[in-house]
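> Quick one: the structure is below, and I'll ask about it shortly.
The values are calculated or read from the model by the stated rules, or taken from the named source; none is laboratory data. Because the structure is predicted, anything quoted here is derived from the model rather than measured. Every residue, glycine as well, gets a Cβ built from its backbone with ideal geometry; the counts of neighbours run over all protein chains shown. Heavy atoms of the whole protein, side chains included, go into the accessibility calculation; ligands, DNA and RNA do not. Shrake-Rupley method; radii C 1.70, N 1.55, O 1.52, S 1.80 Å.
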Amino acid sequence: MAATASRNVLTEALWPDAAPEPRTLTRNVCYARKALGLDADGNNHLPRINTEGRYRLGPHVRCDLLELIQLAKNARETEDADTRLRLLGEALGLVRDKPFDSVIDYEWAWTENWVAVAESEAADAAVLLAEAQLATGRDEEAVRTSLVGLRAAPEDLRLQRLRTRDGQPN
């Protein structure tokens, strides 16, 4: 069963230093509901408050970072090379850009170290996949993989070396 949160817990988490006006939480939940949109069945990803007075995200809401971490973990734990390549490819398919770079007001992502975690996990997955591709003679794929990893972690030296493996920047 998915975790739930009461109005008081949400208010305290979102505004720890001062309680907002009563309508502030309701208004922000409405904004979040609109931003999250609807699932394939037409239901809100953030349904209205339930009968116990608690909020719960819909069952199809997921976090790309947590999914990337799980896919990479599963890839590291499997003995099957094809499965490892598939899982790492799926993990890197979640990488679009530098984590939290295109959003505003996400200081918490830096202060709570989520940016560093996201960059590190994406870079590690890219390095694992690129090295596996190199081991099977797929050098061009390895360079492309390093470029995907560099989107999330542009300063990662391992990925920079993989990108310039032939001595020429790509």
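> Could you list, in sequence order, the residues of segment 99-150 that are part of a helix (DSSP H, G or I), under 26 Å from THR164 (Cβ atoms) and charged (D, E, K, R)?
Once the filter is applied, which keeps residues that are part of a helix (DSSP H, G or I), under 26 Å from THR164 (Cβ atoms) and charged (D, E, K, R), segment 99-150 yields GLU119, GLU121, ASP124, GLU131, ASP139, GLU140, GLU141, ARG144.
> Does THR111 satisfy the criteria of being closer than 23 Å to ALA35 by Cβ, of a type in the set (Ser, Thr, Tyr) and open to solvent by 60 Å² or more (accessible area, probe 1.4 Å)?
So THR111 passes the test.
> Right, another one. Might you check whether a residue that is open to solvent by less than 80 Å² (accessible area, probe 1.4 Å), at pLDDT below 80 and outside any helix (DSSP H, G or I) occurs anywhere in segment 28-48?
Checked segment 28-48: no residue is open to solvent by less than 80 Å² (accessible area, probe 1.4 Å), at pLDDT below 80 and outside any helix (DSSP H, G or I).
> What number of residues in segment 86-98 are open to solvent by less than 60 Å² (accessible area, probe 1.4 Å) and part of a helix (DSSP H, G or I)?
5
> Which ones in segment 122-163 are open to solvent by less than 40 Å² (accessible area, probe 1.4 Å) and of a type outside the set (A, V, I, L, M, F, W, C)?
Passing the criteria: GLN133, THR145, SER146, GLY149, ASP156.
> Given VAL127, VAL143, VAL148, VAL115, which one is under 18 Å from CYS63 (Cα atoms) and either free of Cβ contacts under 8 Å to residues at least 40 places away in the same chain or not aromatic (Phe, Trp, Tyr) (or both)?
VAL115
> When you go through (1) in contact with an Asp or Glu (Cβ under 9 Å, 6 or more places away or on another chain); (2) open to solvent by 80 Å² or more (accessible area, probe 1.4 Å); (3) within 20 Å of LEU150 (Cβ to Cβ) one by one for ALA72, which number turns out not to apply?
Evaluating ALA72 over (1) in contact with an Asp or Glu (Cβ under 9 Å, 6 or more places away or on another chain); (2) open to solvent by 80 Å² or more (accessible area, probe 1.4 Å); (3) within 20 Å of LEU150 (Cβ to Cβ) leaves (2) as the failure.
> Quick one: would you say ARG54 is more than 30 Å from ARG138 (Cα to Cα) and in contact with a strand residue (DSSP E or B) (Cβ under 6 Å, 6 or more places away or on another chain)?
yes
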